[in-house]
Amino acid sequence: MRHIVILTGAGISAESGIATFRGPGGLWEGHRVEDVCTPAALARDPALVHRFYDLRRAALAAVAPNAAHNALARLDRAWRGELLIVTQNVDDLHERAGARRLLHMHGELRSALCASCGAQQAWSEALPPGSVCADCHAPELRPDIVFFGEMPYQMERIDDALSQADLFVSIGTSGAVYPAAGFVRLARQHGAATLELNLERSEGSAWFDETRLGPAGTLVPAWVDEILETA
Ligand code: BJW
C-alpha cells in the first residue's frame, strides 16, 4: 500500500476544545446555519457573519493540537508513499501539529478572501466588513470560508488523489455535507480500502470496509502506529 488519503472533520478537533457543528452544544446551536453560512446570509447581514468568524478566529489562540493531529503529522513525516490529508476544518491545528501534505477544502479562519478579485491573504485579526484587499484595493474582504452553495477548494486535486488511493480514512466527520460525504464512494469505486474512525457511526458508515468507534485522540495514534509498523 502506497497511497493514503485522509479526510478529517470537526471531530478531530473536538478534544482540543473546538465545538463540532451538529452535536449537542454544537457550533450552530445558537445560530441557524442559513443565518451564518450562506452567501445570501453574508449579503444580508455581513456584520453578523463577520463577527461569527472573528470570534472563532480569536478562539484559535486558546486551543492546541491534540494527540490525533500530532499522530497524523507523525504519519506525514514518516510515510514514504503518497499521502494527502484533506481537512474540512477551518482551524489550523493540523499545520500547527506539523502536517505538511494538507489541504483545507472548506477554507481557513486565518485567511481572508477578496469577493471582488478572488485574492486570498493571511489574516489573523478581526475582519470588519469593508476591509480592503491588498491586491485590488476593493473594500470587499470576507472570511475565506466555503459557504453552502459554493465550490469547495482544490476539488480536482482531491479527485485525483482519491482515484489513486489504496486506502481512504475518514476521521471525525458526520458525513452530512457533500461533496466530502461522497469521497468514500469515489475511493471505493477506484478500489481503495476504506476505514472510518469516529465517536459514532457517520451517515455514510455503511460504505466503509471497517469502522472503529472511539475518541480520535485514542484511535488515531493507535492506527498510525499500526500502519507504520506494517508498512
Ligand atoms: C468525534 C469526536 C471525537 C465528535 N473523536 N470523532 C442535497 C444532497 C446532496 C448535497 C446537497 C444537497 N443540498 C445541497 C447540497 C450541497 C451542500 C450540502 O452538502 N448540503 C447538505 C446540508 C446536504 N454542499 C455544499 O453546498 C458544498 N458545495 C457544493 O456542493 O458545491 C457544488 C459541488 C458539486 C460537485 C462537486 C463539488 C462541488 C459546500 C459545503 C460547505 C460546507 N461548509 C461548512 C462551514 C465551513 C465554515 C465553518 O466552519 O463555519 O463546513 S458546513 C460544516 O459542515 C463545515 C464542516 O466542514 C462540514 C462538515 O461537518 P463535520 O466536520 O462533519 O462536523 P459535524 O459536527 O457534522 O460532525 C462531527 C463528527 O465528529 C460526528 O460524526 C461526531 O461523531 C464526531 N466526533 N467528537 C472522534 N472526540
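The values are calculated or read from the model by the stated rules, or taken from the named source; none is laboratory data. Remember, predicted model here, so these are calculated numbers, not experimental data. A quick note on method: Cβ atoms are made from the backbone with ideal geometry, for glycine too, and the neighbour counts reach across all protein chains shown. Only protein heavy atoms, including side chains, enter the accessible area calculation; ligands, DNA and RNA are left aside. Shrake-Rupley method; radii C 1.70, N 1.55, O 1.52, S 1.80 Å.
Results, tabulated for the structure shown:
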quantity	calculated
Positions within the stretch 182-226 being within 26 Å of residue 149 (Cβ to Cβ), within 19 Å of the chain's Cα centre (by Cα) and more than 7 Å from the ligand (Cβ to nearest atom), in sequence order	182, 183, 184, 185, 186, 187, 203, 204
In the stretch 139-177, residue farthest from the ligand (Cβ to nearest atom) [restricted to those that are open to solvent by 20 Å² or more (accessible area, probe 1.4 Å) and of a type in the set (Asp, Glu)]	166
Some residue of the stretch 34-54 being at negative phi and in contact with a strand residue (DSSP E or B) (Cβ under 6 Å, 6 or more places away or on another chain)	yes
Matching residues in the stretch 47-59 - criterion: being closer than 17 Å to residue 111 by Cβ, out of contact with any helix residue (DSSP H, G or I) (no Cβ under 8 Å at 6 or more places or on another chain) and in contact (Cβ under 8 Å) with a residue 12 or more places away in the chain	50, 53, 54, 56, 57, 58, 59
Residue match in the stretch 131-138 (condition: assigned by the TED database to the domain that holds residue 86, on the phi > 0 side of the Ramachandran plot and more than 10 Å from the ligand (Cβ to nearest atom))	no
Filtered residues of the stretch 15-45 (kept if in contact with a Gly (Cβ under 7 Å, 6 or more places away or on another chain) and either under 22 Å from residue 224 (Cα atoms) or assigned to a helix (DSSP H, G or I) (or both))	15, 39
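Rundown of residues vs (1) within 11 Å of the ligand (Cβ to nearest atom); (2) at pLDDT 95 or above; (3) surrounded by 13 or more Cβ atoms within 10 Å (Cβ to Cβ), yes/no style:
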residue	(1), (2), (3)
24	yes, no, no
33	yes, no, yes
38	yes, no, yes
46	no, yes, yes
52	yes, no, yes
